[in-house]
Every structure is written in C-alpha cells, then in structure tokens.
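Here the structure is laid out as structure tokens; the discussion comes afterwards.
The values are calculated or read from the model by the stated rules, or taken from the named source; none is laboratory data. Being a predicted model, the structure only gives us computed values, none of them experimental. Here the Cβ positions follow ideal geometry from the backbone for every residue, glycine too, while neighbour counts run over all protein chains shown. The protein model used for the area step is the full one, side chains on, heavy atoms only, and it has no ligands, DNA or RNA in it. Shrake-Rupley method; radii C 1.70, N 1.55, O 1.52, S 1.80 Å.
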Amino acid sequence: MFNLIQSNFFDLILIIFYCILIFIPLLLGVVLALYADRKIWAAVQKRRGPNVVGPYGLFQVPADGLKFIFKEIILPDGSDKTVFLIAPIITLALSIAAWAVVPVQAGVVLSNINVGILYIFAISSLGVYGILMAGWSSNSKYPFFGALRSAAQMVSYEVSIGFVIVTVLMCVGSLNLTEIVMAQKTVWFFIPLFPMFIVFFISALAETNRPPFDLPEAESELVAGYQTEYSGMPFVLFMFGEYINILLMCAMTTILFLGGWLPPLDIFPLNAIPGFIWFILKVTLVFYMFAMVKAFVPRYRYDQLMRLGWKVFLPLSLVAVIITSSILFFFELAPGM
Amino acid sequence: MTVTQLTFYIFSSVILLSALMVISARNPVHSVLFLILAFLNAAGIFVILHAEFLAMILIIVYVGAVAVLFLFVVMMLDIKTTIEKSNILQYMPIGLFIGFVFIAELVIVLINTKLELSNMQILSNPLNKFAELSNTKAIGSVLYTDYILHFQLAGVILLIAMIGSIVLTLRERSGVKRQSVSEQLSRSSKIDLVDVKSKEGIDIK
C-alpha cells in the first residue's frame, strides 16, 4: 500500500494539480456569471444592479460569498442531518466532475474519453439526487414539494435532451466530445439541426432549474423550494453547484451546436485567435441568452411545464431523430457510409 | 498490487458494504440511497473492465431514471421507520434460499466457462473480432445485427408493460379543468393587440 503510493506519487500530485486546474477557472467563471446574471437582469428592468462593492460592483459576489461563509450553519431539529449535509456536497461535486471531459481547445481536455457525451449526460442526470436528498432530509413541507417537482421536471426533460444528443451523434458518428467539435469544421450543427438547437436550449433551462422553469424554488409558492432550510456554507455550495451546472449546459450547447472552439470562418485574423477564447466567447453568448430568458419570461405553471416536456418536446425530438436518420441514410451522408 | 487492483478492491468493498446497508438500514430512504451507491460503484467496476459504454448506460438508466423513481415513491410513502427484529428473521429462510440459488448459478457458470478468467485482456474483450472497435461500436454492431430479434422483442415487452400500467392507472375524473393550448391560441375575437398612446390611455369596454 505504501509502496503503491510511493511509486505513483508523481501521478497523485498531477491528479491533484489537474483538479485545481479545473476548479480555479470554474470558480472565477461562476463569480463572473453570477455578476453578469444580476447585471443583465438589472439592465432589462432599468436598474443598476450591483454597483457599490469594488469597481462596477465587481466584488459584490465575493463579498456575498464571504458573508455566507461566516454565517452560522443551521441544522433543523427534525432533519436527517447526515443526508442534509451530504446533499449540497453531492450537488457541487457532481457539477465539477462533469467538467473533466469538456474540451476547451483541440487537445486541451483533462480526460479525452471515448464516451464523453454519455459521461456528461450521466453526471448531469445524477444532479437530481442532491436536490431530492436536500428536500427530503429537511423534513419540511416546502423543501419536499420543491424536491418532488424538481425530480419530475429533470427526469422529463432529460428524455428530450437525450434524443437531441442522439440526433447530433448520428451526424458525428462518435461519442467523443473532441470529435463532435471536429465534425463541425464545415458547418456548425445549429444550422442543419436548428429546431433541435432550440429544443436543447429550452430543455437545458429546465434541466438546470433556471427561470422560466425554476418551479423547484418558486419563491411565490414554495418560499425557496428545496433550499428553504439551508443557510451559510451549504447554501453557497448549492448556489455554486447550480451555476456550474448552468455553465456546463452553456458549454454543452457550444460543443454540440456552436462548433466548440472553432472560429466562425476559417480565415486569417479569425483562426489566429486561440481556440479557448472562441470557446469562452461562445459560452458567454449562450449564458447571455440564459440570463435574458430569466429577465424576460414569466414562470411557467407546473402543468404547462409537464405538457411542454412530454407532449411537445418528446414527440418533436423523436420525429427529429427519425427524420435526421432517414436523411443521413438516404443521401448517404452518415459517417462511415 | 497495482492501481487497477486497488481501485477494484475499493469499488467492490464499497459495493458489498452498501449492499449490506441496503438491507440493514432502518430508514427505507437510506436503503435506496445505499442502493444508488452500489449502482455507482458497479459502474466503476465496468470502467475498470474497459466497458465504459455499459458503465455510463448503467448510470444513466438505473441511477438517473429508475432509482430516482424508486426514491420518489419511497419518499412519498412515508413508511414507518422502525422494523421489528422478528420481522427480519421471518424473511431470513427465503432470503438465504434465493442467495444460495444465485451463488450456485454463478459457480456453475464460472466452472463451465471457456474463457481464461485470469487474463484481463480476454475478460474485457472476449470476442476477437471486435478487438479494433471501441466498445460502443462493438455493442451496436452486435445488438442491431445478430440479436436484432431479441432486442426488438425486449422493446415490445417494455412497450406492453408501459401501456398496461397506463391503462391500469388511467381514470376519468369529473370536474377537472384542463387547459387546451391550441383552443386558447385560436380564439380570435377575444384578444386584441392595442398600441397604447402615452398619457392618453385606452378605454376598456
């Protein structure tokens, strides 16, 4: 055992270094995303948003975070304390784990696994457990309702996300994220698969519990949903997990439909810019759309949400799978034909 | 001991422990959570065997969908958490019998197998013709050609189960107000789009 650690000491250090390498940019990204979210929301409503702490209010989010860290962690008396504390940790850990396979540039990826897209899909489908556990262990009505809503919502929209991913995969012929991006060299997939792009975007909103689908934490009905009983550090973990998931969905949209790190046109001034800058720009663009939707669209009613998921998106994406495969087969466009 | 072996022992010991906790935990919700932990570690063992596609499918299908509904139902049921000790003893004989049958079947399979079980390469890739393919492609190429009939049959059985459960639980309730979106959108005379002038307002009829 000791020998094993000794002989693999360098690998161990390298793994820890990689973990930090994922975590630090994500932390920075989340802080900026939170700030951008509030600023955009404020601008739509003709407010100023955070503008006091630091230049342009940039330090508002770190200040808020610091405040949460020093707050007392309140454990409700009737709660299941172990599950109560594990839930936010699971949410955050899973949302970070998914980033291990996201390629930000050609070859710049922590783990270039063969089943990258399935891995992300699997990890994001696990995200529901953090919410379910939080809602149940709080032993309180509103969190429980929030958790049940969230579970039903995420399971429903995962189905249509799965079918959208299948349509993309049929055009690529590989589950590897790098190959999915490289397959978009000629045309980004959001042009031929535009309806699926829309379905994916809306499902991503529902999957991350963003407005207009934030029914699990609908404050006018459920106080704060599954987060009601949380305070201090555990609440921050939930918040971070949620925003990292949102960024992940933005990155997924970028990789599946917007050509990942590829420049819009493969000509000189554009392709001289390093790929990860294009990637960040595209993720920012998608996040901007997320933020605008939050500001514009009123919250759905729960039955409308379910109707949209099961009666509109599921048939639509199923038909799209059939049509895409038929076209690929008929015109012999499918990879490997 | 190599890293692979170490990870194998970690995964399998966690599986065994959590499987034990599934049947011994007093709270049914804890049981389901331990079951999920067991599923996850089983997926880990698939990854060690280079069967990453199966691992991911295991997580997506069992953990991401089936176990969520499990947890959903168990949470809703609000079962009394205290189970009498005698109750456990009552189910012991049949449990032991089922366990014995499982072990016997496993032993029979392992004795009669023609594979060289000590060889990792053969274990993870028993059929030579797929040595070049990634295992996603290998599974696809067998599933949709040689075993298409079984595959379709499984699909039909699942479809029948689904239709059956819908038929069993479907009931017409009176007095429920449903929203018909197409009807709402197609009413023409009731909605009017008006451009309201500033400082003048409009009269509502």
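Compute the distribution of all C-alpha to C-alpha distances in region A:177-249, in bins of 5 Å from 0, and list the percent of pairs in each, rounded to whole numbers.
Over region A:177-249, the share of Cα pairs per 5 Å bin runs 4, 14, 15, 19, 16, 10, 8, 7, 6, 2, 0 percent.
Run the numbers for A:Ile273 and A:Phe59: contour at 0.36 nm per residue of separation, minus the present Cα-Cα distance, in nm. Could you put the intermediate results ahead of the total?
Numbers: separation 214, 0.36 × 214 = 77.04 nm, distance 2.93 nm.
That pair, A:Ile273 and A:Phe59, stretches by 74.1 nm at full extension.
Can you grab the distance from the C-alpha centre of region A:1-59 to the C-alpha centre of region A:273-314, Å, no decimals?
Between the Cα centre of region A:1-59 and that of region A:273-314, the gap is 21 Å.
When all C-alpha to C-alpha distances in region A:68-109 are sorted into bins of 5 Å, what percent of pairs does each bin hold, rounded to whole numbers?
Percent of Cα pairs in each bin: 5, 16, 16, 17, 15, 9, 8, 7, 5, 2, 0.
Scaled to the compact-protein estimate 2.2 N^0.38 Å, what is the alpha-carbon radius of gyration of region A:33-179, rounded to two decimal places? Mind dumping the intermediate values first?
Values: Rg = 19.5 Å, N = 147, 2.2 N^0.38 = 14.7 Å.
So the Cα radius of gyration is 1.33 times the expected 2.2 N^0.38 Å.
Quick one: with all protein chains in place, what share of the accessible area of region A:213-333 is carbon or sulfur, to the nearest percent (1.4 Å probe)? Could you put the intermediate results ahead of the total?
Numbers: 4160 of 5610 Å².
Using a 1.4 Å probe with all protein chains present, region A:213-333 comes out at 74 percent carbon and sulfur.
Rounded to the nearest 100 Å², what is the sum over both chains of accessible area buried where B meets A, with a probe of 1.4 Å? Spell out each step's value before the answer.
Numbers: alone 17660 and 17110 Å², together 32370 Å².
It comes to approximately 2400 Å² buried between B and A.
Calculate the spin-label point distance for A:Ile280 paired with B:Ser13, positioning each point 7 Å from the Cα along the beta-carbon direction, and give it in nanometres.
4.3 nm
When the helix-only estimate is applied to chain A (DSSP H runs of n ≥ 4, each -39,500 (n - 2.57), divided by the residue count), what is the mean residue ellipticity at 222 nm, nearest 500 deg cm²/dmol?
Numbers: 14 runs with 223 residues, N = 337.
Value at 222 nm, helices only: -22000 deg cm²/dmol.
So which residues of region A:1-20 lose at least 10 Å² of accessible area, probe 1.4 Å, when you go from the chain by itself to every protein chain present?
Going by heavy-atom accessible area, the residues of region A:1-20 that drop by at least 10 Å² are A:Met1, A:Leu4, A:Asn8.
Label A:Asp266 and B:Ile163 with points 7 Å out from Cα along Cα→Cβ: what is the distance between them in nm?
Simple spin-label model gives 5.0 nm for this pair.
Mind grabbing the base-10 log of I(q)/I(0) for the protein assembly as shown at q = 0.07, 0.08, 0.10 Å⁻¹? Debye formula, identical points on the C-alpha positions, no solvent, two decimal places.
One equal scatterer on each Cα of the protein assembly as shown leads to -0.48, -0.63, -1.01.
Regarding region A:26-99, what are the three Cα extents along the principal axes, ordered largest first, in Å?
43, 31, 22
Under 10 Å, Cα contacts only: if you run a Gaussian network model on chain A, which one of A:Phe70, A:Phe213, A:Phe189 comes out with the highest mean-square fluctuation?
Greatest mean-square fluctuation among the candidates belongs to A:Phe70.
When chain A is modelled as a GNM with alpha-carbon springs shorter than 10 Å, which of A:Ala151, A:Ala63, A:Ala97 fluctuates the most?
Result: A:Ala63 has the largest fluctuation of those listed.
From the phi angles alone, apply the Karplus equation (6.51, -1.76, 1.60; θ = phi - 60°) to region A:224-233 and give each ³J(HN,Hα) in whole Hz, x where the residue is Gly or Pro.
Running phi through 6.51 cos²θ - 1.76 cosθ + 1.60 with θ = phi - 60° gives 9, x, 5, 8, 3, 8, 8, 8, x, 4 Hz.
Would you mind calculating the gained length between A:Tyr302 and A:Ala224 on full extension (0.36 nm times residue separation, minus the Cα-Cα distance), in nm to one decimal?
On the way: separation 78, 0.36 × 78 = 28.08 nm, distance 1.58 nm.
So the extension gain works out to 26.5 nm.
Could you compute the FRET efficiency for B:Arg171 and A:Asn139, with r as their C-beta to C-beta distance and R0 at 30 Å, rounded to 0.05?
For B:Arg171 and A:Asn139, the calculated efficiency is 0.40.
Separation of region A:84-128 and region B:2-69 by C-alpha centroid, Å?
17 Å
Accessible area drop of at least 40 Å² (1.4 Å probe, protein heavy atoms): which residues of region A:148-197 qualify, relative to the chain alone?
Checking the loss per residue gives A:Leu148, A:Val155.
For the protein assembly as shown, report the accessible area per residue in Å² (1.4 Å probe, heavy atoms, rounded to an integer).
On the way: 32370 Å² over 542 residues.
Computed with neighbouring chains in place, this is 60 Å² per residue.
Among B:Leu185, A:Met233, B:Gln152, which residue has its Cα furthest toward the positive end of the charge dipole of the protein assembly as shown, with +1 on Lys/Arg Cβ and -1 on Asp/Glu Cβ?
Checked the options; the winner is B:Leu185.
As an exercise, identify the trypsin sites (Lys or Arg not before Pro) in region A:59-91 lying in DSSP coil whose Cβ has no more than 16 other Cβ atoms within 10 Å.
Within region A:59-91, the qualifying trypsin sites (Lys or Arg not before Pro) (loop, at most 16 other Cβ atoms within 10 Å) are A:Lys71.
How high is the FRET efficiency from B:Tyr147 to A:Ile69, r the C-beta distance, R0 60 Å, rounded to 0.05?
Values: r = 55 Å, r/R0 = 0.92.
The pair B:Tyr147/A:Ile69 has a calculated efficiency of 0.60.
Applying 1/(1 + (r/R0)^6) with R0 = 56 Å to the Cβ-Cβ distance of B:Gln5 and B:Val196, what FRET efficiency is obtained, to the nearest 0.05?
Details: r = 75 Å, r/R0 = 1.34.
Efficiency, rounded to the nearest 0.05: 0.15.
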